[in-house]
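Values quoted throughout were computed directly from the atomic coordinates according to the rules given, and no laboratory measurement underlies them. For clarity, every value in this text was computed on a predicted model and none was experimentally measured. Cβ placement follows ideal geometry from the backbone for every residue including glycine, while neighbour counts extend to all protein chains displayed.
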Amino acid sequence: MADSGNAPKPSSSVKLVLLGEAAVGKSSLVLRFVNNDFQENKEPTIGAAFLTQKCNLPTRTIKFEIWDTAGQERFASLAPMYYRNAQAALVVYDLTKPTSLIKAKHWVAELQRQASPGIVISLVGNKLDLTNDGAGDGGGEEGAAEDSGDARKVTTEEAKTYAEDEGLLFFETSAKTGYNVTEVFTAIANSIPETSLKTARGPNASHAPSRTEEQRVNLNGPRDSGAKDSCAC
Amino acid sequence: MPREADAESNNDTSKVNPSPSPSPPPPPLPPRRKLSSEGPIQVATARPTPTTAVTPIDISTLSFPDGSRGTFSTNAAQGVSTPAASGYATPVRDPIGAGDFSDSMSVMSLAPTLPPPGDLASLVAGDLTRKSRAWNLLRSQAETAEPFESIELGAPGELAGFEREFDEIPDDASDDTRLAIWKSKMKHYMILSSAGKPIYSRHGDLSLVNGYMGVVQTIISFYEGANNPLLGFTAGNARFVIAIKGPLYFVAVSKLGESDTQIRSQLEALYMQILSTLTLPTLKNIFVNRPSTDLRKPLEGTESLLSSLADSFTKGSPSTLLSGLECLRLRKSHRHALNNIFLKNRSEKLLYGLIVAGGKLVSVIRPRKHSLHPSDLQLIFNMLFESGGIKSGGGESWIPLCLPAFNNSGYLYMYVSFFDGEPAEGPSAEGDQQRPVSPGNDGDGDGDGDGDDRNEDEDEDEIAIILISPDKESFYDLKEMRDKLASQLTKTGHLALIRAAARHGRPQVQAIAPGAQISHFLYKSRANVQFCMSALASPPPSHHHHHHPPDHTPPAATATAAAAAADQLLTRRRLMSLYHELHATMHAKHAHLRVLHAAGADAASLAWITPVAELYCVAGPHVSRAAMAQGAARVAQWARREEERLFIIGGGVF
Ligand SMILES: Nc1nc2c(ncn2[C@@H]2O[C@H](COP(=O)(O)OP(=O)(O)OP(=O)(O)O)[C@@H](O)[C@H]2O)c(=O)[nH]1
Ligand SMILES: [Mg+2]
């Protein structure tokens with residue numbers, strides 16, 4: 001299939017979408033992952049941005065085709081276009097902003113309802129550098145939230161419990177320091193079920209129009225064949 | 001709607017695209033010629049015969065004199081055949097347009113007195129039988145200096161503090177301080193709802209300006225209620241200009257001396273940006289259903305676009321002033337080959353395709369039936385080149401947007417990708433570069449080496465491919481098109497060519513007309529709705545250029561660099577103020593001016609308008625009228641000679 005004829009390591013494309021409230025740091029996470037860079041005053045995304053990045057696993061190479069969507073409300077109606085055939089999703093919140101977790105939960109629910117059944121979802125609490133745990137071990141010291149300029153407003157415990165209940169991967173990250181960013185993507189890459197990879201496109205991003213199963217563009221069917229409902233964790 | 005064009009496109013493509021790229025290109029757009037009967041504008045081939053039939057309405061429409069223009073030379077607002085852009089669209093543009101148009105009319109009303117009316121350049125070229133009154137005036141001016149209309153230019157020094165114009169008002173200062181800073185700004189733009197809800201203010205957060213907005217709303221509403229809409233008023237040295245767009249009030253406060261018409265067209269552009277975000281039906285719905293709606297939420301994220309537009313006006317935008325756009329200067333044969341490569345790779349889903357370098361248009365392809373409007377392009381260019389969002393994102397973007405002049409009731413989808421980084425080529429890939437592209441055989445001289453300005457305020461070598469489709473699911477189709485296009489552009493050397501041309505920058509006056517005493521000019525081709533200008537880098541009045549912009553500043557000298565930047569900002573504004581003043585005088589209602597000379601304490605300037613072109617020049621204060629006239633003539637001659645390099649004539653049509 002798509003993988004046939006490849007050189008040493010099999011390589012497959014994984015379509016990944018980032019969702020989350022405006023300004024939680026979706027683009028910053030991508031920028032960190034793709035360019036290892038950070039911009040202090042990143043402008044809001046308009047529409048969506050498409051980027052690619054390879055992720056080398058011991059046994060295979062995953063080429064992420066990343067859709068970084070705009071969090072602003074007015075673009076929300078376009079989101080289905082991006083997650084419809086996604087094999088993975090990063091749902092991001094800002095751990096200094098409780099409403100952003102609520103929004104994240106909405107996205108998770110929508111994905112569970114509408115996206116491919118096998119989609120691997122990771123919940124990501126970003127801006128860890130603004131908390132006392134900083135870019136440290138990421139351990140949760142919820143008690144400290146009130147004092148000493150800790151901007152954390154969402155405890156690790158709360159988010160983690162929620163993630164476990166829903167069967168999501170969970171990370172706290174800092175796009176600013178880079179803490180845990182690669183880990184998120186690697187974990188996702190590792191969690192993509194083999195069956196799902198089988199049906200992934202070939203390594204070239206520009207899809208061949210001649211291809212019969214044209215799922216990226218036409219999106220008629222909500223699903224590509226492959227993985228049954230599989231919990232990523 | 002745009003799909004309809006496809007049916008027709010097939011037979012066209014075969015004509016437009018007769019030969020593959022690398023071979024010597026055919027004469028420009030030969031098939032178009034037969035169409036010239038359709039529209040008033042004749043085909044511009046090697047030597048266009050200009051015509052006064054350029055209607056004022058065409059002026060606001062980017063169209064190419066290839067005959068296809070006849071299909072939309074209707075009202076500017078409904079110019080494109082989108083049924084949706086029905087009557088409602090018209091009020092969008094008209095208030096502004098009408099002003100401009102009638103102004104243009106007054107100028108052009110002289111046309112009948114001309115013998116077969118000549119354009120600026122052909123007159124200059126010395127065709128005696130075709131001399132216009134303008135030329136005669138200009139000539140007689142050179143000898144007697146009498147028949148010229150002259151005005152006094154505003155005194156310098158009015159721009160004190162302009163270098164702080166774009167500084168943020170600090171949050172932590174006292175209210176009095178913040179208010180004082182706010183009042184010191186030379187230009188304000190405010191948008192509010194007719195119910196008085198603040199929507200946008202360029203300076204100061206809304207809490208700071210809320211009170212003022214209330215006052216403004218009261219005043220406007222008072223006049224509205226009296227059925228006598230308030231258009232503007234003056235308070236001290238500030239001019240207030242008001243534009244009412246349905247449920248929205250747009251207010252500008254300017255201490256920069258622009259005319260009401262000019263300011264109003266800036267407000268118009270801000271309105272276009274709002275439509276671009278929301279579409280007109282949505283805007284209407286919001287206010288029909290809840291007149292007290294806070295529009296800030298639905299406009300979320302548009303603020304930075306409004307601000308970058310506003311700032312470009314405040315800094316001075318030749319493109320807005322002239323309602324035209326600027327193209328990258330390229331050999332005719334190269335542009336033609338580019339268009340052909342572009343057309344050859346066209347996706348079925350494509351509506352418009354653009355290649356843009358550093359904010360200058362390099363190539364366009366479009367369906368025959370649809371032209372592109374400068375006001376729409378302005379929104380796109382602003383989004384891509386002035387505000388940071390898209391560029392800095394990296395990767396490719398997929399952006400829903402409404403192009404209100406095209407169709408204000410729906411969204412199109414725009415694929416954008418920038419070519420990143422340095423190619424293999426050296427920095428000054430001029431002439432002697434490897435030439436996979438067949439050398440231009442278009443008969444015009446080489447003309448290279450006339451530009452040297454490499455460091456203006458734009459990033460000259462940012463090259464973007466922009467592909468627009470009505471189909472929101474067409475991202476991968478357009479991406480595929482872009483990938484093919486990009487690889488061919490690279491392979492054939494056209495990308496390097498574009499890059500070199502972009503780096504080359506705008507020409508220096510001295511390179512165009514050695515010895516001329518003009519220090520800067522703007523030249524607009526009215527038929528093409530495009531303009532060109534000389535390098536902005538050097539200050540117009542005092543010193544003559546040829547110095548390079550300070551791009552060799554030692555890294556330590558950041559303070560010096562900042563000072564230089566402030567200096568450049570000021571220089572640009574002073575220059576643009578001169579042009580605004582000239583432009584306003586020439587376009588004032590009932591002004592039948594063709595030529596205008598203006599002298600000021602720190603600069604002299606000259607404007608010259610013919611039915612097909614507008615030329616504005618600036619020189620040092622002591623340059624004589626005769627010398628300016630002579631310089632202007634030479635610039636016009638150059639523009640005429642280079643017309644097909646400077647402007648996109650035709651574009652690729654499918
Ligand atoms: N301190 C800190 N700031 C961050 C971090 N990640 C992002 N930011 C900042 O948060 C702001 C928003 O970041 P973006 O990456 O643009 O957020 P986004 O989610 O892409 O926003 P939209 O595109 O509007 O949906 C920017 O000013 C970033 O610099 C982080 O890990 N730590
Ligand atoms: Mg973003």
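In region B:312-399, the C-alpha radius of gyration followed by the widest Cα-Cα span (Dmax) gives 14.1, 41 angstrom. When only alpha carbons are used to place a centre, region A:48-91 and region B:226-287 end up 40 Å from one another.
If r is the Cβ-Cβ distance from A:E73 to B:K589 and R0 is 60 Å, what FRET efficiency results, to the nearest 0.05?
Details: r = 45 Å, r/R0 = 0.74.
Computed FRET efficiency for A:E73 and B:K589: 0.85.
The calculated FRET efficiency for the pair A:N41 and B:A601, based on their C-beta separation and a Förster distance of 41 Å, comes to about 0.50.
Across region B:303-362, Cα pairs under 8 Å and at least six residues apart give a relative contact order of 39 percent.
About the Cα centre of region B:601-654, how large is the charge dipole given +1 on each Lys and Arg Cβ and -1 on each Asp and Glu Cβ? Please answer in debye to the nearest 20.
Numbers: 5 positive and 5 negative charges, 34 e Å.
With Lys and Arg at +1 and Asp and Glu at -1, about 160 debye.
Can you give the charge dipole size of region B:268-324 about its Cα centre, rounded to the nearest 20 debye, using +1 on the beta carbon of Lys and Arg and -1 on the beta carbon of Asp and Glu?
On the way: 5 positive and 5 negative charges, 33 e Å.
Magnitude of the dipole: close to 160 debye.
Each principal axis of the Cα atoms in region B:190-237 has its own extent, and those three values, largest first, are 31, 28, 14 angstrom.
Using only the alpha-carbon atoms of region B:229-294 as identical scatterers, what base-10 log of I(q)/I(0) does the Debye formula give at q = 0.19, 0.28, 0.30 Å⁻¹? Log-scaled intensity ratios, in q order: -0.76, -1.17, -1.27. From the Cα gyration tensor of region B:343-386, with a ≥ b ≥ c the square roots of its eigenvalues, which class applies: rounded if a/c is under 1.5, or else prolate if a/b is larger than b/c, or else oblate? Since a/c reaches 1.5 and a/b is larger than b/c, the shape of region B:343-386 is classed as prolate.
If packing is taken as the average number of other Cβ atoms within 10 Å across a peptide's residues, how do B:405-418, B:560-573, B:352-365 rank, most packed first?
Details: B:405-418: 23.1, B:560-573: 15.6, B:352-365: 25.0.
For the peptides B:405-418, B:560-573, B:352-365, the packing ranking is B:352-365, B:405-418, B:560-573.
The HN-Hα couplings worked out from phi for region B:568-585 by the Karplus form 6.51 cos²θ - 1.76 cosθ + 1.60 (θ = phi - 60°) are 5, 4, 5, 4, 4, 5, 5, 4, 5, 5, 4, 5, 4, 5, 4, 4, 4, 5 Hz, whole numbers, x standing for Gly and Pro.
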